[in-house]
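Worksheet: one structure, shown below.
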Amino acid sequence: MTETIYFAARRWRNIDQIPQITLVVPTTGVRTPIRESLLTPHQIGLGDFLKASDTGVLKMAYLTTSVIGDVAYVDNIRADLVIIEGTLVFKSLLFSDALCTRKLPLGCYNTKLCLLKNEHKLPSGHTIHFEVVDAVPYNTTPNLPTFTPIPPSALPMSPIPNARSSASPAPSNNSQFGSRASTPCSPIVKGAGFQPKPKNNKKVVGTGFQVKNEKKKEQKVIHGAGFAPPPEKKEDKVIHGAGFEAKPRKTITGRAVVLSINENKNNRTNTHYLWILENQSEGRFISKEYKLGPGHFFEGTFIQGGNGKWNCESYQKQIEKPASVDGGIDLDGKIWFKVTVNNFQPAGGNRRFGKANAKYFGEVLEGELETTKLSAACNGKKVKIQRKGIADKDYVWMVVEIPDQI
């Protein structure tokens, strides 16, 4: 009989604003979303441990936890601080690797940890699922419990009737798509965001999708809160912990399109929210020199911060949009694109939504309305997509219209 221990790590709301709980396997970081209403009648909530098996689900008295807002924390986990690929990481017996959020000397610590909102990947692809928010050196902390794992057979448990049909950790039709959980954070503007305001600004580049020759101007890149600033010189090196050097941050030259713009009238700074075509990821371009309209395609240099986010380091030139991509701005000021999709995969299993792939945009999810559902007949056809929020502040490309002839 297979048994798996889960930790109820985070609470969030799906696109329908229904509270969800992310269950995570402590030793692997594998996540499973489930509706909170399926757990609460059985006294399982945020911060609880549970064991799932072929016969059902049982609540466990496993480790000491605490809850702040929508995040659960596990206290007093003994862990060793080491360096992996230039990054400070805590390693323990009970949990998979956890990021260190402070510069600390290597050694043994008593830690307090939680599940990251989104998994963090190191340059090699190694994935980290947890982060340590507090750490005290173990050798200077007397009389703290070590919390050796309790054998599951010896744990006090509360049986849950019919657990397989009501509160199984496996995602159900009511479970949120995917395995991304989140808590409130500084949002990237949902959809395409704000309409450009070109009045009295000579550097406005239209309202999207028409190309004008624009004289290249020297950039002043301003990095906002939440994005790590790039090094001042390419040869600069960041030293971590006991003298190990971090690998240089990744830099690419590629194409991007402006999704929306946020104007700060106090300091005259324009924050552009981007979609980078080459690596199919979100990015930002913060500038006092440029104000670019949604739908503006350009070439630039992009640098990846330590948190995995991309910033435009320099604007190079405006370019033509790809021939296979059409688009425009709707009445709400939000940008949309018309793209060709392929490789349709239906919903089922861990997938709440059917999905397909589009060149330059990557994964595209079907919409929730019947008129926006994908099918095999959509392969090779064009559909209308927009940036939509799912979970809490997580964004995807989603179908908003399918031509009648499909």
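Here is how the numbers come out for the structure above:
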item: Qualifying strands (runs of 3 or more DSSP E) (wholly inside the stretch 9-89; at least 2 residues being among the polar types (S, T, N, Q) and in contact with a strand residue (DSSP E or B) (Cβ under 8 Å, 6 or more places away or on another chain)); result: 19-24, 65-68
item: Residue match in the stretch 320-334 (condition: surrounded by 16 or more Cβ atoms within 10 Å (Cβ to Cβ) and within 24 Å of the chain's Cα centre (by Cα)); result: yes
item: Residues (among the aliphatic types (A, V, I, L, M), at pLDDT 90 or above and touching a Lys or Arg at 6+ places or on another chain (Cβ under 9 Å)) located in the stretch 6-60; result: Ala9, Ile21, Leu23, Val24, Val25, Leu46
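Yes/no per residue for (1) under 25 Å from the mean Cα position of the chain (by Cα); (2) of a type in the set (Val, Ile, Thr):
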site	(1), (2)
Gln20	yes, no
Pro26	yes, no
Gly29	yes, no
Ile34	yes, yes
Ser37	yes, no
His42	no, no
Leu46	yes, no
Phe49	yes, no
Gly56	no, no
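The values are calculated or read from the model by the stated rules, or taken from the named source; none is laboratory data. What you are looking at is a predicted structure, and each value in this text was computed from that prediction instead of being measured. So basically every Cβ, Gly included, is an ideal-geometry build from the backbone, and we count neighbours across all protein chains shown.
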